[in-house]
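*Asks:* Okay, here's the structure, questions in a sec.
The values are calculated or read from the model by the stated rules, or taken from the named source; none is laboratory data. Just so you know, these numbers come straight off a predicted model, no measurement behind them. Ideal geometry is used to build each Cβ from the backbone, glycine not excepted, and the neighbour counts take in all protein chains shown.
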């Protein structure tokens, strides 16, 4: 019996684990990374503003530069690459780029675009909203990246433990962006350690 689309998708989701030990001899090409990241950009986002930016550490030199900032975790240099997921604090500046092509193609009126732009810019007068939106929407892209990588035969691990202030300084990150997480990608050297999931009843409220 052939595997159905649903079965394949469920297999990707349920087989994804956090891998911390990579085969350092395994490589990932720039083309493979670009394909995975291109699919990643299909993630949903509020107002379709696409609140993410990716800093790609592909060379050995770049990963070594990142290593002390990530508290010398070996997976940084053993992995094939590391992707820093950054959230866009000024995603409202994407409004014209996102909506103007729709207006030009006749899919949206200029009046609707202007209404949306006012809503968006109004929301972004609140710095707290902008920061929350940067983290939540960039995190959607991060999950899409990890699932796409798994579907392509690669393993990943999301890392929150790194010096974000030092990261910004070392890599000249614009004040527009905030570091959200690092994601290592490569081929597992050994399986992930066993983990447990809380029962659904512990993590849900039904009304």
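*Asks:* Looking at the structure I just gave you, is residue 93 within 18 Å of the chain's Cα centre (by Cα) and in a helix (DSSP H, G or I)?
*Replies:* Considered against the rule, which asks whether it is within 18 Å of the chain's Cα centre (by Cα) and in a helix (DSSP H, G or I), residue 93 comes out as no.
*Asks:* Within the set of pairs 6+ apart or on separate chains, which have a first residue in segment 156-172 that is in contact (Cβ under 8 Å) with a residue 12 or more places away in the chain, a second that is exposed (fewer than 15 other Cβ atoms within 10 Å of the Cβ), and C-beta atoms under 8 Å apart?
*Replies:* 161/71; 162/71; 163/71; 170/65
*Asks:* Follow-up question, since we're still on this one. Taking residue 65, is it assigned to a loop (DSSP other than H, G, I, E, B) and modelled with pLDDT of 95 or more?
*Replies:* No: the conditions fail for residue 65.
*Asks:* For segment 1-36, give me each residue that is surrounded by 15 or more Cβ atoms within 10 Å (Cβ to Cβ), assigned to a helix (DSSP H, G or I) and either in contact with a helix residue (DSSP H, G or I) (Cβ under 7 Å, 6 or more places away or on another chain) or on the phi > 0 side of the Ramachandran plot (or both).
*Replies:* 12, 36
*Asks:* Condition first: closer than 19 Å to residue 45 by Cβ, in a helix (DSSP H, G or I) and touching a helix residue (DSSP H, G or I) at 6+ places or on another chain (Cβ under 7 Å). Now tell me which residues in segment 104-126 satisfy that.
*Replies:* Listed by number, the residues that qualify are 113, 116, 117, 120, 121, 123.
*Asks:* Whether any residue in segment 175-187 is in contact (Cβ under 8 Å) with a residue 12 or more places away in the chain, part of a helix (DSSP H, G or I) and in contact with a helix residue (DSSP H, G or I) (Cβ under 7 Å, 6 or more places away or on another chain) is what I want to check.
*Replies:* No, the conditions are met nowhere in segment 175-187.
*Asks:* Could you list, in sequence order, the residues of segment 41-62 that are in a helix (DSSP H, G or I) and out of contact with any helix residue (DSSP H, G or I) (no Cβ under 8 Å at 6 or more places or on another chain)?
*Replies:* Residues satisfying the conditions are 61, 62.
*Asks:* Among the listed residues 192, 133, 141, which satisfies the condition of being surrounded by 14 or more Cβ atoms within 10 Å (Cβ to Cβ), touching a residue at least 40 places away in the same chain (Cβ under 8 Å), over 11 Å from the mean Cα position of the chain (by Cα) and assigned to a helix (DSSP H, G or I)?
*Replies:* Result: 133 is the single residue among 192, 133, 141 that is surrounded by 14 or more Cβ atoms within 10 Å (Cβ to Cβ), touching a residue at least 40 places away in the same chain (Cβ under 8 Å), over 11 Å from the mean Cα position of the chain (by Cα) and assigned to a helix (DSSP H, G or I).
*Asks:* Here is a list: 55, 95. Which entry is farther than 30 Å from residue 197 by Cα, crowded, with 17+ Cβ neighbours inside 10 Å and touching a strand residue (DSSP E or B) at 6+ places or on another chain (Cβ under 6 Å)?
*Replies:* 55
*Asks:* So, in segment 147-160, of the ones that are in contact with a strand residue (DSSP E or B) (Cβ under 9 Å, 6 or more places away or on another chain) and assigned to a loop (DSSP other than H, G, I, E, B), which residue ends up surrounded by the most Cβ atoms within 10 Å (Cβ to Cβ)?
*Replies:* The extreme case among them is 154.
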